[in-house]
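**Q** Take this structure, written in structure tokens, and hold onto it; I'll ask about it next.
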Amino acid sequence: MSFVVTNPAQTDVPVLDVFAQRWSTRIFDATAPLDEEAFASALEAARWAPSASNTQPWRLIVARRGTETHAKVFEALMGFNQAWAGDASALVVFIADTLREDGEPLPWAVYDTGQAAAFFTVQAHAGGLATHQMGGFHRDQISESFGLDARLQPLAVMAVGHLGDPAGASEQIREREATPRTRRPLAETLLTDD
Ligand SMILES: Cc1cc2nc3c(=O)[nH]c(=O)nc-3n(C[C@H](O)[C@H](O)[C@H](O)COP(=O)(O)O)c2cc1C
């Protein structure tokens, strides 16, 4: 796999390898079947994410490439994401169930679902899968295609798969892939650090 590029974070202090080495690729192998074992572990990690009062408000649509479900999720992506995300072995829609059983709102549903997505991502990368989350999709189209009740809010679509050959990607995508990843300094994040 000599063609595989990596884009590790240049961290100021050490972090777990998986955090530094995870990045959001746009170059997936369009022929690689999904590593089901690694994928099952990523789903399991999401399952064990913490949530407010253990409400576990996340719901997922798993769409493996080649299925009708995949076609429906792919059609809901915005064009700039359709340009590359269809190559991933699977698309996973992360959805928050925003109401409790009694109809009262679940104020942390979105927070918790993001946390489940983060757990999924870290486990996926540790298992050799690449991921790329997308907010660029038509939420209403997902809701309509899958007959989702209004309480279910699609939040993100995650492309999951195996790194592809940059030689097969457009120049624009290759350039974006090679751009160093950056973050603002931690000091700008810490509003107070007593
Ligand atoms: C909620 C969310 C929505 C995103 N939406 C898109 C998107 O629609 N298209 C895209 O190419 N990248 C999208 N990204 C990827 C981010 O641009 C990327 O995570 C960020 O630039 C940091 O890069 P890194 O993940 O490689 O560290 C999204 C990421 C998240 C978490």
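**Q** Highest mean first, how do 121-127, 11-17, 137-143, 58-64 rank when packing is the count of other Cβ atoms within 10 Å averaged over residues?
**A** My ranking of the peptides, most packed first, is 121-127, 58-64, 137-143, 11-17.
**Q** May I pose another question? Which residue, chosen from Asn81, Phe94, Leu34, occupies the Cα position most advanced towards the positive end of the dipole of the chain, where the dipole is computed from +1 (Lys, Arg) and -1 (Asp, Glu) charges on Cβ about the Cα centre?
**A** Looking along the dipole axis, the top candidate is Asn81.
**Q** Taking the Cα centre of the chain as origin, sum charge times position over the Cβ atoms of Lys and Arg (+1) and Asp and Glu (-1), and report the length of that vector in debye to the nearest 20.
**A** Once rounded to the nearest 20, the dipole reads 260 debye.
**Q** Through the Karplus equation 6.51 cos²θ - 1.76 cosθ + 1.60, θ set to phi - 60°, convert the phi angles of region 36-41 into ³J(HN,Hα) values in whole Hz; use x for Gly and Pro.
**A** So the J values, rounded to whole Hz, are 5, 5, 5, 5, 4, 5.
**Q** Asp17 to Gln82: extension gain in nm, 0.36 nm per residue of separation minus the Cα-Cα distance?
**A** Between Asp17 and Gln82, full extension yields an extra 20.4 nm.
**Q** Work out, step by step, the length gained on full extension between Arg59 and Thr179: first 0.36 nm times the residue separation, then minus their alpha carbon distance; give nm to one decimal.
**A** 39.9 nm
Just so you know, all these numbers are worked out from the coordinates, no wet-lab data involved. All values reported here derive from a predicted model rather than from experimental measurement. Using ideal geometry, Cβ is built from the backbone for each residue, glycine included, and neighbour counts are taken over all protein chains shown.
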